[in-house]
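For reference, the structure discussed in these notes is given below.
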Amino acid sequence: MRDTSLRSTSRFVCTGGSTTRMENFAKFVLKELSASGLQLDLPTAVENLCRTDRYVMYKVGPVLSVNHGIGMPSLSTVLNEVIKLLRYAGCTDVVFIRLGTSGGVGVEPGTVVIADEAVNHEFRPVYQLPVVGQLRSWPTPLSGEVVEGLKSCCLPEDGYDVVINKTMATDDFYEGQARLDGAFCDYTEEDKLAYLKEAYDNGVRNIDKEATCLAAMVNRANFKAGVACVALLNRLEGDDYTASPETSRIWEQRPPVLVVRYILKRLREMQGQ
Ligand code: URA
């Protein structure tokens, strides 16, 4: 990645899976920050700062919008790069927020889940990675301040549910998330439902493939992390998306809107407004 002008102004790193979504997010941030009346050094248009075609990164004033691809290996790669950039740029007090999509567990499709804890497949708040041949574990704390901040930006007139609960991160979309409709499946619907109900009973309300890795790595770097994902379906009712592409697009806008409100609120506080 080419670091043109990170400087110490980067305060928020927003990340989600797809390149297009994060380009659109950057454009949305630019529009909202430009209209905010805040004293900010903003570009006139968004520019992708990455040389690779695997990732995109846009800097919009104090916000970096970066995609992370699918799953923890892809996420951990980009987080290493971004954390190094932030260190070289002397950035402190940075908040990382993953905004994305997920599979809901016992929630209405379209619900936004703000994670208060990121847990693994055993519902434990740990992220594990073999390092020089030894399996290592790290805790996966999410920032209470970010959780509360995001919650305070939800408005009754938004007209959709927001829940604050655990997000479970898995290493796989199909068997890892107990789906029956992958290429391989040697368990029954009963096994699947028993597992998902156990997840629900342990406080899990959605499943993604990144939350634990994000929480652990951001914590190791001494920054703060949050995760706000929309649930595209309720996994207790099925494995496949049933919402129309148009409805899904509306739902996918929910985390970005919430996160931009949070960023504006924080920037206003920082500028004493
Ligand atoms: N992302 C996931 O990881 N799982 C889902 O079910 C939907 C989106």
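Summary of values
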item: Of all residues in segment 198-209 being within 16 Å of the ligand (Cβ to nearest atom) and assigned to a helix (DSSP H, G or I), the one that is least open to solvent (accessible area, probe 1.4 Å); result: Ala199
item: Check on Gly69, within 16 Å of the ligand (Cβ to nearest atom), outside any helix (DSSP H, G or I) and closer than 27 Å to Leu193 by Cβ; result: no
item: Some residue of segment 236-245 being open to solvent by 30 Å² or more (accessible area, probe 1.4 Å) and under 18 Å from the mean Cα position of the chain (by Cα); result: no
item: Residue ID - farthest from Arg268 (Cα to Cα), chosen from residues in segment 116-137 that are assigned to a strand (DSSP E or B) and open to solvent by less than 50 Å² (accessible area, probe 1.4 Å); result: Val131
item: Conditions (1) within 24 Å of Arg249 (Cβ to Cβ); (2) open to solvent by 70 Å² or more (accessible area, probe 1.4 Å); (3) in contact with a helix residue (DSSP H, G or I) (Cβ under 8 Å, 6 or more places away or on another chain); number of the one not met by Ser34; result: (3)
item: Qualifying residues in segment 102-139 (those that are acidic (Asp, Glu) and touching a strand residue (DSSP E or B) at 6+ places or on another chain (Cβ under 6 Å)) - the one farthest from the ligand (Cβ to nearest atom); result: Asp116
item: Residues of segment 138-197 classified as in a helix (DSSP H, G or I), out of contact with any helix residue (DSSP H, G or I) (no Cβ under 7 Å at 6 or more places or on another chain) and open to solvent by less than 30 Å² (accessible area, probe 1.4 Å), total; result: 6
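The values are calculated or read from the model by the stated rules, or taken from the named source; none is laboratory data. Since we're looking at a predicted model, the values are computed, not measured. Heads up, the Cβs are rebuilt from the backbone with ideal geometry, glycines too, and the neighbour counts pull from every protein chain shown. Surface areas here come from the heavy atoms of the whole protein model, side chains and all, with no ligands, DNA or RNA. Shrake-Rupley method; radii C 1.70, N 1.55, O 1.52, S 1.80 Å.
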